[in-house]
Amino acid sequence: MSEKRASSIKVASFNINGIKARLPRLIEWLEETQPDIACLQEIKTQDEGFPAADFAAIGYEAIWHGQKGFNGVAILARGERPVEVQRGLAGEPEDEHSRYLEADVMGLRVVCIYLPNGNPQPGPKFDYKLRWMERLKTRMAQIAAEEVPALVIGDYNVIPRDNDIWSTRAMADDALMQPESRAAYRRLLHAGWTDALGLLNPRGGVYTFWDYQAGAWQRDHGFRIDHALLSPELADRLVAAGVDKTYRGREKASDHAPVWVSIAEHA
DNA sequence: ATGTCAACACTTTGTTGA
């Protein structure tokens with residue numbers, strides 16, 4: 001039987017908040033939603049602990065960039081192994097956080113990011129977040145110059161607009177919605193990238209994160225911080241985008257829900 | 001003020017990071 005994909009490619013992103021604690025949930029989600037490409041953040045494991053065999057058993061090959069205790073990103077693809085292009089961002093050699101992984105897969109340049117949270121602000125963590133965003137912008141400009149069909153997907157830890165959160169007042173002092181964070185995010189878009197979920201949901205109210213505390217999920221006290229930014233060519237090929245919201249309500253859930261985009265396959 | 005969760009360590013309870 002010849003390998004033939006559907007007429008579109010589904011690329012998903014899931015901040016799983018610990019790949020060891022969440023592996024059954026993750027396998028379940030992959031099998032039920034069948035993304036062609038899946039980008040993971042906060043795997044919270046060293047490279048040696050990455051459960052590649054569990055993914056291979058259900059048809060996914062992977063590359064990963066782990067770290068002890070926190071952070072960590074991975075790119076999975078169904079039936080083929082992503083070809084790594086770069087891990088980590090240039091510009092700050094002393095930065096050892098595992099937050100950036102870039103690969104070529106299924107004809108796309110796929111960048112998986114876990115952008116720094118930045119709390120508390122002001123402070124060194126917030127400064128690191130803003131510097132990281134500048135470094136990301138620099139890399140995204142290089143990718144754009146290559147004119148490859150590309151997307152940068154993952155946990156941006158930025159709430160872009162007031163209608164992307166249940167209450168602006170509740171988070172007014174948080175690093176995720178400071179004017180500087182939003183301005184840095186807009187600078188990414190101004191360089192020609194399209195926020196797929198934001199574009200398709202101009203009225204807002206579509207969330208990707210609900211805190212574990214204070215009954216945030218039950219009250220729908222969420223916000224949108226997981227984003228897929230598409231290069232101009234991919235923006236033209238955008239078919240659909242969404243959030244797998246129900247997975248936030250399952251047992252032992254991550255505090256994030258998966259997001260996905262569907263891209264028309266090239267003729 | 002903070003109602004949660006995961007990983008780690010001088011580990012069974014406190015610290016860090018979210």
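Scanning region A:159-190 for residues that are within 19 Å of the chain's Cα centre (by Cα) and open to solvent by 30 Å² or more (accessible area, probe 1.4 Å) yields a total of 5.
State all residues of region A:137-156 that are over 18 Å from A:PRO232 (Cβ atoms) and either touching a Ser or Thr at 6+ places or on another chain (Cβ under 8 Å) or part of a helix (DSSP H, G or I) (or both); if no residue qualifies, say none.
Selection gives A:THR138, A:GLY154, A:ASP155.
Checked against the criterion of being assigned to a loop (DSSP other than H, G, I, E, B), in contact with a strand residue (DSSP E or B) (Cβ under 8 Å, 6 or more places away or on another chain) and under 20 Å from A:PRO24 (Cα atoms), region A:212-228 contains not a single residue that satisfies it. Pairs meeting the criteria (first residue in region A:73-96 and touching a residue at least 60 places away in the same chain (Cβ under 8 Å), second residue polar (S, T, N, Q), beta carbons under 8 Å, at least 6 apart or on different chains) are A:VAL73/A:GLN41; A:VAL73/A:SER98. Taking the conditions (1) open to solvent by less than 60 Å² (accessible area, probe 1.4 Å); (2) touching a helix residue (DSSP H, G or I) at 6+ places or on another chain (Cβ under 9 Å) in turn, A:GLY154 satisfies each one other than (2). The number of residues in region A:99-125 that are farther than 18 Å from A:LEU238 by Cα and open to solvent by 10 Å² or more (accessible area, probe 1.4 Å) comes to 11.
Count of region A:112-136 residues, restricted to those that are within 14 Å of A:VAL158 (Cβ to Cβ), more than 10 Å from DNA strand B (Cβ to nearest atom) and not in a helix (DSSP H, G or I), is 2.
The values are calculated or read from the model by the stated rules, or taken from the named source; none is laboratory data. In this text, all values refer to a predicted model and were calculated from it rather than measured experimentally. Please note: Cβ atoms are built from the backbone with ideal geometry, for glycine as well, and neighbour counts cover all protein chains shown. When the accessible area is computed, the model is the full protein with side chains, heavy atoms only, and any ligands, DNA or RNA have been set aside. Shrake-Rupley method; radii C 1.70, N 1.55, O 1.52, S 1.80 Å.
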